[in-house]
Amino acid sequence: MLYQDTVESEVLVHRPWFVASIFGVVFAIFLMFNLVGTTFGELMRPVIGDPSQSGVYGRFAIAFVIAVMFCVNVVLIGFAPLKAQIGIVWVELLLLFLAFFKAFNLSMPFIWENLPYLITQGVVTTIYVSAVSLICASIIAIIAAIAKLSSNGFAYAIASFYTSFFRGLPLLIQIYLIYLGLPQLGIVINAVPSGILALSLCVGAYMTEIFRAGIQSIDRGQWEASRSIGFGFGLTMRRIILPQALPVIIPPMGNTFISMLKDSSLVSVLGVWELTFLARTIGQPTFHHMEMLITAAMIYWIMSACLEVAQSRLERHYARSQVR
């Protein structure tokens, strides 16, 4: 719900029809999977007997118990306050993910041994590539957005061709074209600058539309008023238009940066020592692929979560004038 309802009503998860619907869906989903050979099947041994001999009855009993546990959990969480509900669900999902990863029999000593190097080399390189690419992409996007909003046909044509071309090609192909194609013209660029250039051009094309939409969201009267009191183009954009457009621009721009952070893993094909490249390289000689890939995935998740927190704070900061 977009805004908190001031009318007291029954909690949805406490309505019998909703609980029955959830039970039916969860029961049907888990009935499709044969879980008798899992740890949960062993826990159900007093009820179903030998899991390997339980057959259809074992699958039915396991699916039924899981559905009942899920529904009871949902109903009980419904009695807690909102923040407590969020915290409980997060903890439960995290425990489920940890249990899932434990099934891989990961070598924790190998992970702890290589984790510092993944952070000091891989994470630092990933953040560096992403941050520089974001700055360059933002500059490109502002220029291209202004060009698309101008009445100059030449500028509009270049900006529209740029956004169409770089949004139409996969990022991986753009990386190869820049790294392998430019040397054919006598322009040799190293791996890291090539990756940054490819990310900047690709993400800048998407951010162009974000800036364009944000600028267009400001009423035309704001522009006319600033011009009438003698403000030039640059001063109008810096003092009048962009500050008002930021609340519109920040949410999609934050999402784009988070996406760029993960897309930076594609520059590993150039041999850049970022997080994905190191995870694959370290795990390959000893066949600890899963340990390193899961560790890299967790690091990406933590970095994305930090960016989400920063994005939410920026949104609240620039939306203060709109709070009623």
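Looking across the range 217-247, the residues that are under 19 Å from TYR318 (Cα atoms), of a type outside the set (Gly, Ala, Ser) and surrounded by fewer than 15 Cβ atoms within 10 Å (Cβ to Cβ) come down to ASP219, GLN222, ARG238, ARG239, PRO243. Does ILE175 fit the bill of being of a type outside the set (S, T, N, Q), open to solvent by less than 30 Å² (accessible area, probe 1.4 Å), under 19 Å from ALA137 (Cβ atoms) and modelled with pLDDT of 90 or more? In short, yes.
Out of the residues in the range 34-78 that are open to solvent by 60 Å² or more (accessible area, probe 1.4 Å) and in contact (Cβ under 8 Å) with a residue 24 or more places away in the chain, which is nearest to the chain's Cα centre (by Cα)?
Going through the range 34-78, the residues open to solvent by 60 Å² or more (accessible area, probe 1.4 Å) turn out to be 34, 37, 39, 42-43, 45-47, 50, 52-53, 56-57, 59-60, 64, 69-70, 72, 76.
Keeping just the survivors that are in contact (Cβ under 8 Å) with a residue 24 or more places away in the chain gives 34, 59-60, 64, 70.
Details: ASN34: 32, ARG59: 36, PHE60: 37, PHE64: 34, PHE70: 27 Å.
Checked the range 34-78; the qualifying residue nearest to the chain's Cα centre (by Cα) is PHE70.
The set of residues from the range 127-155 being loosely packed, with under 14 Cβ neighbours inside 10 Å and in a helix (DSSP H, G or I) comprises ILE135, ILE139, GLY153, PHE154. The number of residues in the range 156-196 being without any contact (Cβ under 8 Å) to a residue 60 or more places away in the chain, part of a helix (DSSP H, G or I) and of a type outside the set (Phe, Trp, Tyr) comes to 19.
From the set of residues in the range 1-33 that are within 30 Å of TYR57 (Cβ to Cβ) and open to solvent by 80 Å² or more (accessible area, probe 1.4 Å), which is modelled with the lowest pLDDT? Checking each candidate, the answer is PHE33. Restricted to the range 1-105, the set of helices (runs of 4 or more DSSP H) holding at least 1 residues that are within 30 Å of GLU291 (Cβ to Cβ) comprises 16-31, 39-43, 51-77, 82-102.
The values are calculated or read from the model by the stated rules, or taken from the named source; none is laboratory data. Just so we're clear, the structure is a prediction, and the values are computed from it rather than from any experiment. Here Cβ is always computed from backbone atoms with ideal geometry, including for glycine, and neighbour counts include all displayed protein chains. All accessible areas refer to the heavy atoms of the entire protein, side chains included, with ligands and DNA or RNA removed. Shrake-Rupley method; radii C 1.70, N 1.55, O 1.52, S 1.80 Å.
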